[in-house]
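Heads up: the structure comes next, in structure tokens.
We did not get these values from a lab; they are worked out from the coordinates using the rules stated. Computed from a predicted model, the values in this text were never measured in an experiment. Note: ideal-geometry Cβ built from the backbone for every residue, glycine included; neighbour counts use all protein chains shown.
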Amino acid sequence: MKNSVDEFFERVISVKLPEDRSCIDIIDQTLLPGEIRRIGVRTREDIREAIRKLRVRGAPAIGVTAAYGLALLATDIKEETFEAFYPRFLEEKEYLAAARPTAVNLFWALNRMDETAKANKDKPLPEILEILFREADAIREEDVQISRGIGEIGLSLMEKLKKPGKQIGILTHCNAGTLATAKYGTATAPMYMALEHGWAPEDMHVYCDETRPLLQGARLTSFELYNAGIPTTVQCDNMAAILMKSGKIDIIFTGCDRVAANGDSANKIGTSALAILAHHYGVPMYICAPSSTIDMATPTGDEIPIEMRDGEEITSMWYKERMAPEGVDVYNPAFDVADHRLLTGIITEKGLCTAPYKEAFEALGIR
Ligand code: MRU
């Protein structure tokens, strides 16, 4: 029997392909929490715009959207032979890859689609197109299982820290929840797994950083957890220190957009500051990372490209009036890199990794 959390998950599925394959069906995350509106995107311009404008966002959800996008755009290529089809397929791949630079899942998913096309190049084109759709479905379905794997490990860490009769305090940043993935999220998966394993919602209390400037924590994570019945508090990002000092936070889970081979983890701007605070206050901090987010080709965080966004997101987007003088310079990096030395561990679906991370990733077969 479906419970109310499952029903909620169904309402807010981030990305899906309708049976008639007429478009990619996404929930427009820029409108949440005020309005739950689903939109269909079909053209290359609309698909890339949806990713760029964060209508669909979160590393795994971006990957799934790109995979479906490439499968759909491939159906528009009217060629007779694979040799004529493939260069145009690559053009579409490059076009989608230019949507955002930091989340490696975008490139991982597009490369996986490319490898699939090449591996089947001797088959008739209509069959290749079908195989591409099946591969995109597989990327989506695997993500559900990956989240469960991360969630089980995160839950085992929560179980060790939970004191009888006391709520466990969890802090998270940005949104690494159902909206960012195919179902359970990454950083939120331990909470949802806890419910599946019989924890009462009141056994935990999740503190969501509001996550300036785009407010993914306030608008999306608290919306999700509140609807799941989990006690939730929203605070400004600059309140994390007082929360940690007061002893309210037992554990921190965040998602990530790209983990370098040495464990440096790029995630939403502010994650690095959280890691520094967590280290200072002795709060365990875990990065929740599908193995597809670990980029062994990037040696350290210094080589991870950081997306810079429009300053208007800081100065005026959420305000009735502009909150900085017209013309003033604005600095708006969308991500920062948490130094691996500050992290307690990185949770992948294959297992929990601790320093030295490169060796730990390799031991799990991540290459
Ligand atoms: O800019 P966003 O909203 O796409 O940033 C998202 C994050 O930083 C998430 O924490 C990350 O993608 C992990 S999602 C499971």
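Quick notes on this one:
- Selection from T221, A200, P164 lying farthest towards where the dipole of the range 164-251 points positive, charges on Cβ: T221
- With all pairs of separate Cα atoms included, the range 164-261 yields a Kirkwood hydrodynamic radius of 13.5 Å.
- Residues whose amide H falls under 5 Å from that of T233, counting only those 5 or more places apart or on a different chain, are V206, Y207, C208, with hydrogens built in the peptide plane.
- Magnitude of the charge dipole, the range 233-310, Cβ model with Lys/Arg +1 and Asp/Glu -1, debye to 20: 360 debye
- Listed residues I306, S291, Y331: farthest to the positive end of the dipole of the range 285-337 (Cβ charges): S291
- Expressed in units of 2.2 N^0.38 Å, where N is the residue count, the Cα radius of gyration of the range 103-173 is 1.76.
- Averaging 1/r over every pair of different alpha carbons in the range 108-218 and inverting the result gives a Kirkwood radius of 16.3 Å.
- Spatially close lysines, pair count over the range 1-150: Cα under 25 Å, gap of eight or more or interchain: 13
- Here the peptides 205-213, 69-77 are ranked by packing, the mean other Cβ count within 10 Å, and the order with the highest first is 205-213, 69-77.
- Loop-located GluC sites (Glu not before Pro) across the range 70-130 with a Cβ neighbour count of 12 or fewer within 10 Å are E80, with loop assigned by DSSP.
- Point-charge dipole on Cβ atoms (K/R +1, D/E -1) for the range 283-367, about Cα centre, debye to 20: 400 debye
- Here's how it looks for F335: its modeled amide H is under 5 Å from those of I269, E307, which are all 5 or more places away or on a different chain.
- Inverse mean reciprocal Cα-Cα distance (Kirkwood Rh) of the range 263-356, Å: 15.1 Å
- Placing +1 on the Cβ of every Lys and Arg and -1 on the Cβ of every Asp and Glu, with no other charges, gives the range 43-87 a dipole of roughly 440 debye about its Cα centre.
- Averaging the Cα positions of each part gives two centres, and for the range 152-184 and the range 251-297 these lie 15 Å apart.
- Calculated mean residue ellipticity, 222 nm, the chain: -12500 deg cm²/dmol, from DSSP H runs (n ≥ 4) at -39500 (n - 2.57) each, averaged per residue and rounded to 500.
- Among the listed pairs K162/K183; K166/K320; K183/K268, those beyond 30 Å (Cα-Cα): K166/K320
- Ranked by the mean number of other Cβ atoms within 10 Å of their residues, highest first, the peptides 234-241, 326-333, 296-303 fall in the order 234-241, 296-303, 326-333.
- The phi torsions of the range 16-21, fed into the Karplus equation with coefficients 6.51, -1.76 and 1.60 and a -60° offset, translate into couplings of 8, 10, x, 4, 7, 6 Hz, rounded to whole numbers, with Gly and Pro shown as x.
- Karplus-derived 3J(HN,Hα), 6.51/-1.76/1.60, for each residue of the range 204-215, Hz, glycine and proline x: 10, 9, 9, 9, 9, 4, 4, 6, 5, x, 9, 6
- If you take the Cα centroid of the range 1-65 and the Cα centroid of the range 341-362, the two points sit 31 Å apart.
- Cα-based convex hull, the range 328-367, per residue volume (Å³, whole number): 102 Å³
- Per residue Cα convex hull volume in Å³ - calculated over the range 1-84: 127 Å³
- Remark on R212: its backbone amide H falls under 5 Å from those of D237, a criterion applied only to residues 5 or more positions apart or on other chains, H modelled at 1.01 Å from N.
- Ignoring lysines fewer than eight residues from K350 along the same chain, the ones with Cα atoms less than 17 angstrom from its Cα are K358.
- Span-like helix ranges in the chain, DSSP H, alpha carbon extent 24 angstrom or more, Kyte mean at least 0.5: 59-75
- Cβ-based charge dipole, the range 3-49, positive-most Cα from P18, P33, V5: P18
- For the range 216-228, 3J(HN,Hα) computed residue by residue from phi via the Karplus equation (6.51, -1.76, 1.60; θ = phi - 60°) reads 4, x, 5, 7, 10, 5, 5, 4, 5, 5, 4, 5, 7 Hz, glycine and proline entered as x.
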